[in-house]
């Protein structure tokens, strides 16, 4: 038996599309990591090196589907894929996007 508080609500398809559209406006693109997980990435320069920012859902195994979903954001070397800056947890995708506007 599933308690009503334990139900996982499905994210409407239009909200998933909105997430993708907004992230694309910020320069992020959905792609697959070398490990086979989906993430949103954006190429950047980090301390003079080619790098990319990666956004995943809180579990690190997929992409966020809503603006209220917790996310992890990390910076990785463009060539090796090695982590350049430890992943940071954001309580929502919305809070991460707001931090970009500051």
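Quick notes on this structure:
- Selected residue (criterion: surrounded by the fewest Cβ atoms within 10 Å (Cβ to Cβ)) from residues of segment 88-102 that are under 17 Å from residue 63 (Cα atoms) and touching a residue at least 24 places away in the same chain (Cβ under 8 Å): 89
- Tally, over segment 25-41, of residues that are surrounded by 16 or more Cβ atoms within 10 Å (Cβ to Cβ) and farther than 18 Å from residue 70 by Cβ: 1
Bear in mind that the values in this text are calculations on the coordinates, not laboratory data. Bear in mind the structure is a predicted one, so any value in this text is a computation, not a measurement. Positions of Cβ are generated from backbone atoms using ideal geometry, with glycine treated the same way; all protein chains shown enter the neighbour counts.
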